[in-house]
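Only the coordinates and a few stated rules stand behind these numbers; no lab work does. Since this is a predicted model, take the numbers as computed values, not measurements. Positions of Cβ are generated from backbone atoms using ideal geometry, with glycine treated the same way; all protein chains shown enter the neighbour counts.
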Amino acid sequence: MGGVTDSFKVFKVPAGPLLLELAKKCKNAKEHDRYLALHAASEGYGIPLIAKIFCVDADSIYNWTRRWEEEKTLEDKPRSSKPPAFSEAEKRELKRLIDENDPRSHGINASFWDCTELSKYYPLNDKDVSGDTIRRAL
């Protein structure tokens, strides 16, 4: 069942060696699998078999093939996401506050800064962030 015999040539030009080389150099696991899947297709293995091996739909293999033919890459495209809670300047300010270690001078009744105290400080300065967000920023 499903070896080289029931396949068709997916690529217009031989791409197998290049795909294999890109897979070897790739540090992203998903991208690595995409390159290996298309390498298998370029070697003549059937799309249904490749899809089963890589646990994806056959449509994914066809989409990767189309993308490879058009863009010669299988890298993930950038995605929009929630903007970071702290800009780089705000991270520097946060670290300065911690180094200064004087919450009382900023209206916080505490002897030292911790994430809980910092999460009380920021709403006083029109920024609502949790202790976890502050911890991740550090």
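Going by how many other beta carbons lie within 10 Å of each one, how would you line up Tyr62, Tyr122, fewest first? Could you put the intermediate results ahead of the total?
Working: Tyr62 14, Tyr122 19.
Placing the least packed residue first, the sequence is Tyr62, Tyr122.
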statement: Semi-axes of the range 88-137 from the Cα gyration tensor (sqrt of 5 times each eigenvalue, largest first, whole Å) come to 15, 12, 10
query: Which angle from 0 to 90°, rounded to the nearest 10, does the C-alpha axis of helix 88-100 make with the longest principal axis of the chain?
result: 40
statement: Matching label for the computed Cα Rg over 2.2 N^0.38 Å, out of [x] 1.79; [y] 1.24; [z] 1.06, is [x]
message: Using a 10 Å cut-off around each Cβ, can you sort Leu19, Leu94 from fewest to most neighbouring Cβ atoms?
response: Leu94, Leu19
task: Enumerate the lysines that Lys52 could reach by cross-link, defined here as Cα to Cα under 22 Å, with residues fewer than 8 away along the same chain left out.
output: Lys9, Lys24, Lys30
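Hey, what did the range 88-137 get for relative contact order, percent, Cα under 8 Å, at least 6 apart?
Working: 38 pairs, mean separation 12.4, N = 50.
Taking the mean separation of contacting Cα pairs over the length of the range 88-137, I get 25 percent.
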